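S.K.: Structure provided below as structure tokens; questions to follow.
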Amino acid sequence: MGGCTASYDRNKLPEAGAVVFHYSNLDKETMPWKHYRDPEQVFVFWSHEAPSFLIEMDGRSDMRQFDNHFINWTMTHRSDADVFAPYEQSICVSKIIQQGNKWVNEHLAKKKRAALWVVSNCEGTHGAKMRKDYSDALVEAGLPVDRYGRCFNNKNVYNKLSADDLDTYKFYLSFENAQYCKDYMTEKFWHNSIASGRVPVVWGPSKEDVERLAPTGSFIHTDDFKSPADLAKYLLYLDSNDTAYREYFEWVEYPDEKTLELAQTYDLIFPRRLCKMMLSNRSFKSYQSVTNFLYNNKKECVTSAMRISLRTFFKEHYTLMLYDPIVKALVWVVVCCCVVIFYRCGTCDRYRF
């Protein structure tokens, strides 16, 4: 692997130049780092998940176990990580460009249907609910969207579709389960859209992030439209205009310099990128707070997730207090004790400050 050997054998820990920790690993008390660490080793934090997913689905509002200079490098889907680790499906870019006009003609000749969406997470995160609402609005506006998955109780129907059936769709709803999470672009964009010869209709990552990480002119972003109805109108126009639709494949037929550079970037999958960095630039920086690195996005990605998590917590516990007399009595005891303590501190001990 580019001059490096990867191993899951923890007995080889003393020999390792780098030790990669998935974000969930430090929950395990048996992790060998508690017993051994070579000062020459690089400890790498690894995650492919969006911060909102970690908060809402995994219950992780911080990564304190990785803080206090434990980690040397980060390896995530974000382009500002020490080791850029996008979803592996993105390596398809150079393969598609190599086929050029032939690839475009073969795919466009099969197009008959408008849009496809396959999804199984409808309510797991705040973003999942928002994207479902947006897709509902597109359908209500008249856009033909064939929607499959557990969310629509027809996963078995989707599994029976042939490759030829799936090749007929012009657009794919590349809707992530989180909004405005930096650089968060998954297989929905790369595999389900780009590699499958469909134009991705993007919701989730910012348009700025997608423009930086995707081939030029390869996608349609929901942020460019005032409403789902406006987007539906535009997609219907493209559905009826083959010339205009084909423009979204010019990056394949006439790739610009930026697209060619992206293709080279994605050709180097992240394990090889980590190896290259180990062999060429083995710096010994460290992170005082991985938590700050991971959750430093103040936009919708993190703030809405924290808001929803707190709302759910208080809703569940408030409901419990209302209907469970024992819990209600305990809560009042705690409240009364706090009042007494506050009173005592405010009178007897007020001169202490």
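S.K.: Could you please rank LEU238, LEU279, placing first whichever residue has the fewest other Cβ atoms within 10 Å of its Cβ?
M.R.: LEU279, LEU238
S.K.: Round to the nearest 0.05 the FRET efficiency obtained for ASP230 and ASP164 when R0 = 25 Å and r is the Cβ-Cβ distance.
M.R.: Computed FRET efficiency for ASP230 and ASP164: 0.20.
S.K.: Once the piece of chain linking ARG246 and ARG64 is laid out straight, how much longer is it, given 0.36 nm per residue of separation minus the C-alpha distance between them? Please report the intermediate quantities before stating the final value.
M.R.: Values: separation 182, 0.36 × 182 = 65.52 nm, distance 4.86 nm.
Going from the current span to full extension adds 60.7 nm.
S.K.: Please give the length that would be gained between SER120 and THR216 if that part of the chain were fully extended, namely 0.36 nm times their separation in residues minus their C-alpha to C-alpha distance (nm, one decimal). Don't jump to the answer; show the numbers that get you there.
M.R.: Values: separation 96, 0.36 × 96 = 34.56 nm, distance 2.96 nm.
My answer for the length gained is 31.6 nm.
S.K.: Another question, then. In nm, to one decimal, how far is the GLN264 label point from the GLN98 one, both placed 7 Å along Cα→Cβ?
M.R.: 1.6 nm
S.K.: Take each of the peptides 100-113, 138-151, average the number of other beta-carbon atoms within 10 Å over its residues, and list them starting from the highest. It would help to have the intermediate numbers written out before the result.
M.R.: Numbers: 100-113: 14.1, 138-151: 16.8.
Top of the packing list down: 138-151, 100-113.
S.K.: Over its Cα atoms, what ratio of radius of gyration to 2.2 N^0.38 Å does the stretch 92-259 give? It would help to have the intermediate numbers written out before the result.
M.R.: On the way: Rg = 15.2 Å, N = 168, 2.2 N^0.38 = 15.4 Å.
In units of the 2.2 N^0.38 Å rule of thumb, it is 0.99.
S.K.: If neighbour count is taken as other Cβ atoms inside 10 Å, put MET63, MET278 in order from fewest to most. Could the numbers behind the result be given before it?
M.R.: Working: MET63 23, MET278 18.
Fewest-to-most ranking of MET63, MET278: MET278, MET63.
S.K.: Applying the Karplus parametrisation 6.51 cos²θ - 1.76 cosθ + 1.60 with θ = phi - 60° to the phi angles of the stretch 181-196, what ³J(HN,Hα) value in whole Hz is obtained for each residue in order, glycine and proline being reported as x?
M.R.: Once rounded to whole Hz, the list reads 7, 3, 6, 7, 10, 10, 4, 4, 7, 7, 7, 6, 10, 4, 5, 9.
We did not get these values from a lab; they are worked out from the coordinates using the rules stated. Quick caveat, the model's predicted, so the values are computed rather than measured. Quick reminder, even Gly has a Cβ in these numbers, built from the backbone with ideal geometry, and neighbours come from all protein chains shown.
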